[in-house]
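The values are calculated or read from the model by the stated rules, or taken from the named source; none is laboratory data. Please read all numbers here as calculations on a predicted model, not as lab measurements. With ideal geometry, Cβ positions are generated from the backbone for all residues, glycine too; neighbour counts draw on all protein chains shown. Note: areas computed on protein heavy atoms with side chains; ligands, DNA, RNA excluded. Shrake-Rupley method; radii C 1.70, N 1.55, O 1.52, S 1.80 Å.
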Amino acid sequence: MYEMAKKENTQSCFLRGFISLLILALLDQEDMYGYQIVQEITERSGGAIVTEEGSLYPLLYKLQDQGMISGEKVLVGKRMTRVYYHLEEPGHRRLQELVHEYQVMTRGVFQIIQRETDAKERGMRRAGRGIVCRTVYCVRQGKPQHHDPAGTAQRLRVFYKAEQKNFDLF
């Protein structure tokens, strides 16, 4: 239960940060009504991003107030109306700014993540080289004081684990 709530909370924090970007990007492609925007976000993200109409409309109203988008009521059927939202020129400019900001931020995040991953991989390669060298040395020496079966077994387990993860040890 905690893990599910934690995942939903994390996702909602991320969504609040870039949902305006997604709305503007969708409206840059075609005019849409609110529920259609919700469906498109879910569909085009492969289900990774799920939002609800209730959280979308305040953003649509805010974007309208800022002049980024406009809405046009269209009669659908005999009684029902839909508001189709349209991207205005200020919204198009803001979309370009948001895309650039998102790319910069994403690049920065991935650089941090990649450096950490690269550092771990370099550590595994160094450990792997050391394991192989020490193991070969001990075996070649053939002397009990140089051959530590428990240590060698531990080094081989680490070596095998690194090999399973496809780390290039050399």
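Residues in region 27-46 that are assigned to a loop (DSSP other than H, G, I, E, B) and either in contact with a helix residue (DSSP H, G or I) (Cβ under 6 Å, 6 or more places away or on another chain) or open to solvent by 40 Å² or more (accessible area, probe 1.4 Å) (or both): how many?
So the first thing to find is which residues in region 27-46 are assigned to a loop (DSSP other than H, G, I, E, B), and the list is 30-31, 45-46.
If we keep only those that are either in contact with a helix residue (DSSP H, G or I) (Cβ under 6 Å, 6 or more places away or on another chain) or open to solvent by 40 Å² or more (accessible area, probe 1.4 Å) (or both) as well, we get 30-31, 46.
Total meeting the criteria: 3.
Are any residues in region 70-105 among the charged types (D, E, K, R), in contact with a strand residue (DSSP E or B) (Cβ under 9 Å, 6 or more places away or on another chain) and either touching a residue at least 40 places away in the same chain (Cβ under 8 Å) or part of a strand (DSSP E or B) (or both), and if so, which ones?
Looking only at region 70-105, we keep the residues that are among the charged types (D, E, K, R), and these are 72-73, 78-79, 82, 88-89, 93-94, 97, 101.
If we keep only those that are in contact with a strand residue (DSSP E or B) (Cβ under 9 Å, 6 or more places away or on another chain) too, we end up with 72-73, 82, 88.
Matches in region 70-105: Glu72, Lys73, Arg82.
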